[in-house]
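*Asks:* Could you have a look at this structure, given as C-alpha cells, before my questions?
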Amino acid sequence: MAFAFNDAAQAEFVAWEKKFPNDENGRRSLVIPALWISQKQNGWISKEVVEYIAKVTGTKPLHVWGVATFYTMFHKEPVGKNVLQFCTNISCSLHGGEELMKHACQKLGINQGETTADKRFTVLEVECLGACGTAPVVQVNDTYHESMNVEKLDQLLEQLTRS
C-alpha cells in the first residue's frame, strides 16, 4: 500500500514548505520536517515513506534515506505505541540510567531494541537526551520524564499499560 500524507499531515507539510526557498537546497532541507511529519503519521520510516517524501520534496529517495539513517530519532522499522528511550550518557549513567533500562526490559520481557509482542512498548538506548541536570531521563514518545527512579518508572509503565 502506498503512503501518502493524510489531511492534517498535508497541511503541516504545506506550512513547512512555505518556510523554505523553492530551490534545490530548500527542497533538500524540507526532507527533515517531511520525515518528522511522516513518522508522526506512520510510526516509522518505511520504503514507501521514503519514496513519497522524495516525490513531494523533489529529491531522490537515496537522499531521503541518507537523512533518515543519519539521524537516530527516525525509526527505520516499526516500533511500539510507546517508545521508551533511555539515556545512558555519562550523567544519566552515573545516576542509574542503564539500570533503569534493564529494569524496564525485565518488566516488559524484552531486550533493548525490541518491541513487546502486543506492540505497546519499544525500549531503546539513546546516547543523550540533553537533560543532564535532571538525570536520569527517559523519553516516552515526545515526553521527557526526568529525575527517574525505579519507583517512578514502575508507575509510568503501569500508567502506559492502562492507556
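Coordinate-derived values only; no laboratory data. Quantities reported herein were computed from a predicted structural model and do not represent experimental measurements. A quick note on method: Cβ atoms are made from the backbone with ideal geometry, for glycine too, and the neighbour counts reach across all protein chains shown.
*Asks:* Please sort 70-78, 8-16 by packing, taking for each peptide the average over its residues of neighbouring beta carbons within 10 angstrom, highest first.
*Replies:* Most protected by this proxy first, the peptides run 8-16, 70-78.
*Asks:* For the chain, just give the cysteines left without a disulfide-compatible partner, judged by no other Cys Cβ under 4.7 Å.
*Replies:* Cysteines lacking a close Cβ partner in the chain: Cys105, Cys128, Cys132.
*Asks:* Relative to 2.2 N^0.38 Å, what does the C-alpha radius of gyration of the stretch 7-70 come to as a ratio? Two decimals please.
*Replies:* 0.99
*Asks:* Work out how much length Ser147 to Lys102 would gain on full extension: take 0.36 nm times their residue separation and subtract the Cα-Cα distance, in nm to one decimal.
*Replies:* Gain in length upon complete extension: 14.5 nm.
*Asks:* Taking 25 °C and 0.890 mPa s as the conditions, I'd like the Stokes-Einstein D for the stretch 57-129 in µm²/s, using the Kirkwood hydrodynamic radius from alpha carbon pairs.
*Replies:* Diffusion coefficient, whole number: 181 µm²/s.
*Asks:* Cross-link partners among lysines for Lys102, C-alpha distance below 16 Å, same-chain residues fewer than 8 apart left out?
*Replies:* Of all the lysines, those that pass the test against Lys102 - Cα under 16 Å, at least 8 places apart if same chain - are Lys152.
*Asks:* Let me ask another. Normalised by the number of residues in the stretch 7-70, what is the relative contact order in percent for Cα pairs under 8 Å and 6+ residues apart?
*Replies:* The normalised contact order for the stretch 7-70 reaches 29 percent.
*Asks:* Taking every DSSP beta bridge that has both residues in the stretch 82-162, what percent is antiparallel when rounded to the nearest 5?
*Replies:* Percent antiparallel among DSSP bridges in the stretch 82-162 is about 55.
*Asks:* Near Lys55, which lysines are there with a Cα under 16 Å away, not counting those fewer than 8 places off in the same chain?
*Replies:* Lys47
*Asks:* A further question on this structure: Select from Asn25, Asn141, Asn149 the residue whose mean-square fluctuation is largest in a Gaussian network model of the chain (Cα-Cα springs shorter than 10 Å).
*Replies:* Looking only at Asn25, Asn141, Asn149, the biggest GNM fluctuation is shown by Asn25.
*Asks:* Please give the per residue volume of the convex hull enclosing the alpha carbon atoms of the chain, rounded to a whole number of Å³.
*Replies:* Cα convex hull per residue, to the nearest whole number: 128 Å³.
*Asks:* May I pose another question? Can you give me the Kirkwood hydrodynamic radius for the stretch 82-162, using every pair of distinct Cα atoms, in Å to one decimal?
*Replies:* After inverting the mean inverse Cα-Cα distance, the result is 12.2 Å.
*Asks:* If you don't mind, there's one more thing I want to ask. Have a look at the DSSP beta bridges in the chain and tell me what percent are antiparallel, nearest 5.
*Replies:* Close to 55 percent.
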